[in-house]
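These notes are about the structure you will find just below.
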Amino acid sequence: MVRVGIIGAGFMGNMHATVYSQFPDVKVAGIADIRGEKAKSLAEKIKSIPYYSPEELMKKEDITIIDICLPTFLHKQYVIMAASYGKDVICEKPIALTIEEADEMINVCQEKRVRFMVAQVLRFWPEYRFLKEVYDRKKYGSLRTISCQRLSATPNWGWQNWLQDSERSGSALIDLHIHDTDFLLYLTGQKPEKLTSYGKLEEGGYTHIYTTFSFPQGIIGQVEGGWDLPANYPFLMAFTAIFERAVIEFNSRNKPTLVVYEANGRIERPEFAPKQVAGVEGNISDLGGYYYELRYFIEHVIHNKPFGVITPEQARDSLAVVLAEKESADTGKTITLK
Ligand SMILES: NC(=O)c1ccc[n+]([C@@H]2O[C@H](COP(=O)([O-])OP(=O)(O)OC[C@H]3O[C@@H](n4cnc5c(N)ncnc54)[C@H](O)[C@@H]3O)[C@@H](O)[C@H]2O)c1
């Protein structure tokens, strides 16, 4: 039995705790949150122990894994604290808000010889995994263009409204849009050569962003991410991937969610069974990606295998690309990446 401590009992803490409670070989041994009542209610829900202080939980010797579900500006401090107590760490995306912070986290985890994974969940999301698999096998030939969308109502669940504060969250540009940027880096296995971004800048930072990427293989990517939609707008994620011999279209609102239109006239509709759980806060009720992501993390820790799907350096590289997108949106210039 692996014993995990969760730090942060908000939206993602709730999601991770719910997923762990489905694993027979994992025990959530404690949940810490500075809002004691949040820790208490989540601990009651999954039969765990609430803590007010993250450090008190990290000191427990029988806990070997710490899961950081804190607002992004706190990731560095608490990942380093967990590593200093010799714990293996998983931390929610984005890794951090600056490259310096990300590098420090990576270096400390290496020095302390602890495992460190960043939870870039799209790499584990069934429809995105399907796309990665057909891309790698070249099942429909080479990828020519891909467009991705991620649209949400303004997130209002955060502690002290931290998501609306660019200094603490990086705004929609870093917090929301990094999902698709990270996935395109994973899909193509490369950084884009060039990018151009336009964003809608509001008081709390960029709330809506459009980026065009040009990748070394000649692939063009177009990504839209925004969280400035009205409260009644249902969360949407989508992509259209145009290959030499097929188009793959995914839309989280459709049933089925994904359709393959082959150039030979065949139409395929692969099934992706949702793992739905009631009572999770936030905008997503399907545990799918989170379930596969945390299962991957736990199994790779138990069997001491390297994290091939997402390394901390790749999470840092995705942050670097998103920061270049910010520079492009700020200056109106196309950015060439080294
Ligand atoms: N992978 C995804 O799909 C996804 C979705 C949403 C959020 N996230 C990420 O998850 C992280 C957490 O976001 P969230 O939506 O759960 O935020 P949240 O505000 O819902 O939860 C954060 C919790 O941390 C607690 N907290 C704040 N400071 C603390 C401290 N010093 N010690 C202990 N607890 C403290 C708050 O009380 C709150 O309960 C962020 O990095 C965010 O970007 C990822």
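The values are calculated or read from the model by the stated rules, or taken from the named source; none is laboratory data. All of these numbers come straight from a predicted model, not from anything done at the bench. Backbone-built Cβ (ideal geometry, glycine too); neighbour counts: all protein chains shown.
Does the range 201-208 contain any residue that is more than 16 Å from the ligand (Cβ to nearest atom), assigned to a strand (DSSP E or B) and surrounded by fewer than 21 Cβ atoms within 10 Å (Cβ to Cβ)?
Within the range 201-208, one or more residues are more than 16 Å from the ligand (Cβ to nearest atom), assigned to a strand (DSSP E or B) and surrounded by fewer than 21 Cβ atoms within 10 Å (Cβ to Cβ).
Of all the residues that make up the range 1-39, how many are of a type in the set (Phe, Trp, Tyr) and either assigned to a loop (DSSP other than H, G, I, E, B) or touching a Phe, Trp or Tyr at 6+ places or on another chain (Cβ under 8 Å) (or both)?
2
Working carefully through the options Ala172, Ala231, find the one that is outside any helix (DSSP H, G or I) and aliphatic (A, V, I, L, M). Talk me through it step by step, then tell me what you get.
On the way: Ala172 fails: outside any helix (DSSP H, G or I).
Just one listed residue meets the conditions, Ala231.
Please go through the range 20-39 and give me each residue that is more than 10 Å from the ligand (Cβ to nearest atom), crowded, with 17+ Cβ neighbours inside 10 Å and closer than 26 Å to Ser84 by Cα, ordered by number. Break it down stepwise before answering.
Step one: list which residues in the range 20-39 are more than 10 Å from the ligand (Cβ to nearest atom), which gives 20-30.
Going one step further and asking which of them are crowded, with 17+ Cβ neighbours inside 10 Å, we end up with 20, 23, 26-30.
Correct list: Tyr20, Val26, Lys27, Val28, Ala29, Gly30.
Where residues in the range 175-191 are closer than 18 Å to Leu229 by Cβ and in a helix (DSSP H, G or I), which of them is nearest to the chain's Cα centre (by Cα)?
For the range 175-191, the residue satisfying everything is His179.
Being under 23 Å from Glu299 (Cβ atoms) and not in a strand (DSSP E or B) is the filter here, so list the residues in the range 62-83 that pass it.
Taking the range 62-83 and keeping what is under 23 Å from Glu299 (Cβ atoms), we get 62-69, 79, 82-83.
Passing the criteria: Asp62, Ile63, Thr64, Cys69, Val79, Ala82, Ala83.
Please enumerate the residues belonging to the range 291-319 that are part of a helix (DSSP H, G or I), closer than 18 Å to Asp182 by Cβ and at pLDDT 95 or above.
Correct list: Glu293, Leu294, Tyr296, Phe297, Pro312, Glu313, Gln314, Ala315, Arg316, Asp317, Ser318, Leu319.
Please list, ordered by first then second residue, the pairs with beta carbon atoms under 7 Å, 6 or more apart or interchain, first in the range 169-192 and among the β-branched types (Val, Ile, Thr), second modelled with pLDDT of 95 or more and assigned to a loop (DSSP other than H, G, I, E, B).
Every condition considered, the pairs that remain are Ile174/Pro94; Ile174/Leu97; Ile178/Lys93; Ile178/Pro94; Thr188/Phe215; Thr188/Ile219.
Please pick out the residue among Glu100, Glu44 that is within 30 Å of Leu173 (Cα to Cα) and surrounded by fewer than 16 Cβ atoms within 10 Å (Cβ to Cβ).
Answer to the check: Glu100.
State yes or no: is Leu42 closer than 24 Å to Val114 by Cα, assigned to a helix (DSSP H, G or I), at pLDDT 95 or above and within 11 Å of the ligand (Cβ to nearest atom)?
Spelling it out, it is not the case that Leu42 is closer than 24 Å to Val114 by Cα, assigned to a helix (DSSP H, G or I), at pLDDT 95 or above and within 11 Å of the ligand (Cβ to nearest atom).
Among the candidates Trp157, Trp162, single out the residue that is under 18 Å from the mean Cα position of the chain (by Cα) and at pLDDT below 95.
Step by step, each of Trp157, Trp162 is checked, and only Trp157 is under 18 Å from the mean Cα position of the chain (by Cα) and at pLDDT below 95.
Hey, among the residues in the range 209-230 that are among the small types (Gly, Ala, Ser) and over 22 Å from the mean Cα position of the chain (by Cα), which one's surrounded by the fewest Cβ atoms within 10 Å (Cβ to Cβ)?
My answer is Gly218.
Tally the residues that are acidic (Asp, Glu) and touching a residue at least 40 places away in the same chain (Cβ under 8 Å), restricting the search to the range 193-204.
1
Could you list, in sequence order, all residues of the range 161-184 that are over 21 Å from Phe124 (Cα atoms) and near the ligand (Cβ under 8 Å from one of its atoms)?
Trp162, Leu163, Ser169
For the range 84-94, check the following and say yes or no: at least one residue is under 30 Å from Leu323 (Cβ atoms), touching a Leu at 6+ places or on another chain (Cβ under 7 Å) and part of a loop (DSSP other than H, G, I, E, B).
Scanning the range 84-94, I find at least one residue that is under 30 Å from Leu323 (Cβ atoms), touching a Leu at 6+ places or on another chain (Cβ under 7 Å) and part of a loop (DSSP other than H, G, I, E, B), so the answer is yes.
Please determine whether any residue of the range 126-141 is away from the ligand (no atom under 16 Å from the Cβ) and in contact with a Lys or Arg (Cβ under 7 Å, 6 or more places away or on another chain).
yes
With the structure loaded, tell me whether Glu61 is in contact (Cβ under 8 Å) with a residue 24 or more places away in the chain and surrounded by fewer than 19 Cβ atoms within 10 Å (Cβ to Cβ) or whether it fails that test.
no
Are any residues in the range 57-82 more than 11 Å from the ligand (Cβ to nearest atom) and acidic (Asp, Glu), and if so, which ones?
Scanning the range 57-82 gives Glu61, Asp62.
Out of (1) of a type in the set (S, T, N, Q); (2) at pLDDT below 95; (3) crowded, with 16+ Cβ neighbours inside 10 Å, what's the single condition that is false for Gln276?
In the conditions (1) of a type in the set (S, T, N, Q); (2) at pLDDT below 95; (3) crowded, with 16+ Cβ neighbours inside 10 Å, Gln276 misses (3) alone.
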